[in-house]
Protein chains: 2
Amino acid sequence: MSEKKPHIVIIGAGFGGIKAAKLLANENVDVTLIDRNNYHLFQPLLYQVSTSILAIDEIAYPTRAFFRKHNNVRFMLAHVQGFDAVNKEVITPYKRVKYDYLILAAGSTTNYFGMNNLAYSTYGMKTLREAIHIRNHVLHMFERAERESDPEVRKRMLTFVCVGGGPTGVEEAGSLSELVYHVMKDEYHGLNIKEDVSIVLIEATDKVLPMMPPDLRDETVRVLRSKKVDVRLNTQVVDCDENTLTLKDGTTIATNTVIWAAGVKAVPVISKFGAEVDRAGRVIVDKTLQVPNYPGVFAIGDCAHLEQDGRPLATIAPVATQGAVVCVKNIKNLINGQGTMEEFTYHDVGSMATIGRGEAVMSKGSWKMKGFFAWCAWMVVHLMRLAGTHTNVTVAMKWTWNLLSGIRLGRIITNIPDNRE
Amino acid sequence: MSEKKPHIVIIGAGFGGIKAAKLLANENVDVTLIDRNNYHLFQPLLYQVSTSILAIDEIAYPTRAFFRKHNNVRFMLAHVQGFDAVNKEVITPYKRVKYDYLILAAGSTTNYFGMNNLAYSTYGMKTLREAIHIRNHVLHMFERAERESDPEVRKRMLTFVCVGGGPTGVEEAGSLSELVYHVMKDEYHGLNIKEDVSIVLIEATDKVLPMMPPDLRDETVRVLRSKKVDVRLNTQVVDCDENTLTLKDGTTIATNTVIWAAGVKAVPVISKFGAEVDRAGRVIVDKTLQVPNYPGVFAIGDCAHLEQDGRPLATIAPVATQGAVVCVKNIKNLINGQGTMEEFTYHDVGSMATIGRGEAVMSKGSWKMKGFFAWCAWMVVHLMRLAGTHTNVTVAMKWTWNLLSGIRLGRIITNIPDNRE
């Protein structure tokens, strides 16, 4: 009787899924990695694609390229439709994939908290396509504004609102400001950029970057305001249509561009597994990262809910990758029939955010840093984590170039239809 | 009475239009440059985007970035709809643009010679969007083939046909071969790449690269065949549907991918000007590059027809840029009221084509070169012509990297819809 290798199915090729697959690639197991895209996306730099700094290929890495030398890792491009937990199967449009062990690492998507008008009228920024949409749209707004004669319409076209004072909102607003005031100002000879453009950052609570100490939060607001970003704290968005954003106090902002970075939830397919989920759709796992009542099924990263020190762990890459390590150890323990299972404890690696070229804030425990050296550290950390030596070099060059000259060559509108007629 | 500066309108931001606008930027004139895209496209390298070597931003350069310091050059993103030659106006969806002098430099598009089935079922490769379509489609074919159980369907999915033995067809076929046999073969563990993939290059006449001397043409066919490209000369395509390409002798090729690089014609809007055009829709110009009967209207590049040594000039970049120089001189002569007009003579700069990494052919007059040094020369010439120092450096790196390791990081499928459900 030939021995069949255990088959581990991983849903999602994000930070957690790729880490788990890499760890399992050298084991005596078969791995099927399923993702709806053919690339691993470096989500923390999405805002740089949306603001024309980096190219698509620099933050997206072909998933199969990680596993060239590992015949036991199979990739499958598929949108998972559901699960058959009784028969241990993942349901895809093409076939049912049987598993012995399952790792749910499908990540998160934008959370509109049930406000459908916002979902239809604003731009999310969780996927590569969304970042490209934002880029195309913002560039288009400048083109349209330049040929617009009505000053009110022009101002509306050139009002850009980011909602959400977390790292994504802060980084997007800071980067947009530099795109506008360093690059666009020299290229739209028919626009009065200083008069006509507004960039607004809206945050519902009284603080941006909640994971940072108070003085760095103040510094962030100060730097953003020095970049002409209109930072509005304690401000809640209640409605939005094509031309108007409405705030809770009844005031409105005339704008055609609202970028929604105010919340995330687990991707919807996770709830189809059938296990208990929290309000954001995350699977509740035990300390070994297993899903209770489903032996051999694990969840990690943004789609898993585990509390530590009384709070759910944050939806950030280090939680996912550290989770992948423990999850793989526990799967090996189960395969080897060892009774002991490791419990997961997240080790804080600190947090950081860029506010612009040469400006960043970072903190870890009581240690903190800001300004140019924090930005250098941010750059090094992100370069180290990007996939592919080649990418590291080109991205390092682009960032240096952008720092020195403010140049942004990604300003290519890709969604204008060809016209053959 | 304040003196109004002469207004020159340029249609098209290709090689000819950009060159003309740059030359006019330092003159005492107003320039409006109109293009349907916001970028200048380096068309000779489109095949490298379609085969995942280069990123979009590396061959597309934001048109406005050329004219940062020139307030007298205005860019307008618009699809020209027609002309009013009597009132000297260009008609766009937004407004009519009045001109004193007009330069038609709108370029060319794919020519299907009236065969509509081919237009619907094949991929053109003249625009950035078309190159991205090809890239997305080819990558998808591999993903679909790997999960396909029917061997006939799988082979059809993995049969890639390029029609047209000019530089585009030759370069595309050579580059596809390397993508498949150097990159894909290590990443699709479920496919038998050598068995299942076919790459076919079809040419209607008895030769590829007609502008090259016979021995270089033979060398090109030899190198392509050594790369497993099935080169078929004297072969004519007559029909195509989603799954089948039909040849004139009745044989068929089962394929889902036909790239049509067998002909070009002027973009359709050119014929709307009203002047005499040739069979390919090109405006017939006199030796001063003026359109007969339309004083002050010039045509250059792919959309102009001028004979030299008894043959129409080729649709290549050097003809367009050299034409732009003469055209601008003649416009200045007209502005200054000088009677003498310069006649255009194209000075051959030679021709070159890459067949793959480290393999190229080039010739100029009786001088010729092939192999690795020709490839190096090809690389230097193309780098020199690419817009932007920064781009030069990243592209040079990518080519070197690709030469040494065969890596291609552009394999990102960008057209899979996000799913929020």
For the stretch B:230-344, convex hull volume per residue from C-alpha positions, Å³ = 149
What accessible surface, in Å², does a 1.4 Å probe find on residue B:197, ignoring ligands, DNA and RNA and rounding to the nearest 10?
-> 10
With a cut-off of 14 Å, note down the residues of the stretch B:93-135 whose backbone N falls inside the zone around a label point 7 Å from the Cα of residue B:70 toward its beta carbon.
-> B:103
Within 10 Å of the Cβ of an average residue in A:397-409, the count of other chain Cβ atoms is 3
Only bridges with both residues in chain A count here: give the DSSP antiparallel percent, nearest 5.
-> 50
Segment residue A:4-residue A:400, length gained on full extension (0.36 nm per residue, minus Cα span) | 137.4 nm
Full extension from residue A:206 to residue A:129: what is 0.36 nm times the residue separation minus their Cα-Cα distance, to one decimal in nm?
-> 24.6 nm
One finds, for residue B:194 and residue B:278 with R0 = 35 angstrom and r their Cβ-Cβ distance, a FRET efficiency to the nearest 0.05 of 0.15
Relative contact order as a percentage, chain A, C-alpha pairs under 8 Å and 6+ apart, gives 18
Counting every C-alpha pair in the stretch B:234-300, the percent lying more than 17 Å apart is 58
Peptides B:313-321, A:329-337: what's the order by average Cβ count within 10 Å, highest mean first?
-> B:313-321, A:329-337
Over chain B, one equal point on each Cα, no solvent: what is log10 I(q)/I(0) by the Debye formula at q = 0.11 Å⁻¹?
-> -0.87
At a Cα cut-off below 25 Å, give the lysines reachable from residue B:185, other chains included and same-chain residues fewer than 8 away excluded.
-> A:5, A:19, A:22, A:69, A:95, B:155, B:194, B:227, B:228, B:398
Rounded to the nearest 5, what is the percent of antiparallel bridges among the DSSP beta bridges in the stretch A:116-262?
-> 30
Can you give the alpha-carbon Rg of the stretch B:367-421 over 2.2 N^0.38 Å, where N counts its residues?
-> 1.64
On a 0 to 90° scale, report how tilted helix A:167-178 is relative to the longest principal axis of chain A, with both axes built from alpha carbons and the result rounded to the nearest 10.
-> 30
Only helices counted: for chain A, with every DSSP H run of 4 or more residues adding -39500 (n - 2.57) and the sum spread over all residues, [θ] at 222 nm is -9500 deg cm²/dmol
Taking only Cα atoms of the stretch A:303-421, radius of gyration then Dmax in Å | 20.6, 69
Would you mind checking the tilt of helix B:214-226 against the longest principal axis of the Cα atoms of chain B, expressed as 0 to 90 degrees and rounded to 10?
-> 40
Taking the stretch B:116-262, the equivalent ellipsoid from its C-alpha gyration tensor has semi-axes in Å, biggest first, of 24, 18, 15
How do the peptides B:287-294, A:55-62 rank, highest first, by the average count of neighbouring beta carbon atoms within 10 Å per residue?
-> A:55-62, B:287-294
Efficiency by 1/(1 + (r/R0)^6): what FRET value for residue B:271 and residue A:186, r their Cβ-Cβ distance, R0 = 51 Å, to the nearest 0.05?
-> 0.85
Chains A and B: how much accessible area gets covered up at their contact, both sides added, probe 1.4 Å, in Å² to the nearest hundred?
-> 6300
Which length gain, in nm to one decimal place, applies between residue B:329 and residue B:117 when the Cα-Cα distance is subtracted from 0.36 nm times their residue separation?
-> 71.9 nm
Hey, for residue A:115 with labels 7 Å out along Cα-Cβ, what do the inter-copy distances come to in nm, ordered shortest first?
-> 5.6
Solvent exposure of the protein assembly as shown as accessible area per residue, Å², 1.4 Å probe | 41
Quick one: of A:287/A:364; B:287/B:364; A:88/A:329; B:126/B:265, which pairs are farther than 18 Å apart, Cα to Cα?
-> A:287/A:364; B:287/B:364; A:88/A:329
Taking a label point 7 Å out from Cα toward Cβ, give me the nm distances from residue A:144 to the same spot in the other copies, shortest first, one decimal.
-> 3.4
To the nearest whole number, what is the average tally of beta carbon atoms from other chains within 10 Å of the beta carbons of peptide B:139-146?
-> 3
Quick one: what does P(r) look like for the stretch B:45-131 with 5 Å bins over all Cα pairs, in whole %?
-> 3, 10, 14, 15, 18, 16, 14, 8, 3, 0
Taking every residue in B:52-60, how many Cβ atoms of other protein chains lie within 10 Å of its Cβ, on average?
-> 5
Counting only protein heavy atoms, what percent of the accessible surface of the protein assembly as shown is carbon or sulfur at a 1.4 Å probe?
-> 49
So how far, in whole Å, is the C-alpha centre of the stretch A:68-127 from the one of the stretch B:160-195?
-> 31
Can you list, shortest first in nanometers, how far residue B:307 lies from the same residue in the other copies, with each label 7 Å from Cα toward Cβ?
-> 8.8
On the first, second and third principal axes, largest extent first, how far apart are the outermost C-alpha atoms of the protein assembly as shown in Å?
-> 93, 73, 42
Residue A:231's amide H: which non-local residues (gap 5+, or another chain) put their own amide H closer than 5 Å, with H modeled 1.01 Å from N in plane and none for Pro or chain starts?
-> A:201
Pairwise centroid distance, computed over Cα atoms, of the stretch B:313-353 with the stretch A:341-396, Å = 53
Between residue B:95 and residue A:314, what is the label-to-label distance in nm when each label sits 7 Å out along the Cα-to-Cβ direction?
-> 4.9
Quote the FRET efficiency, to the nearest 0.05, computed for residue B:418 versus residue B:147 with a Förster distance R0 of 30 Å and r equal to the Cβ-Cβ distance.
-> 0.90
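The values are calculated or read from the model by the stated rules, or taken from the named source; none is laboratory data. Predicted model, so just to flag it, every value in this text is computed and none were measured. Here the Cβ is made from the backbone with ideal geometry for all residues, glycine too, and neighbour counts use every protein chain on show. The area values use the complete protein model at the heavy-atom level, side chains included, leaving out ligands, DNA and RNA. Shrake-Rupley method; radii C 1.70, N 1.55, O 1.52, S 1.80 Å.
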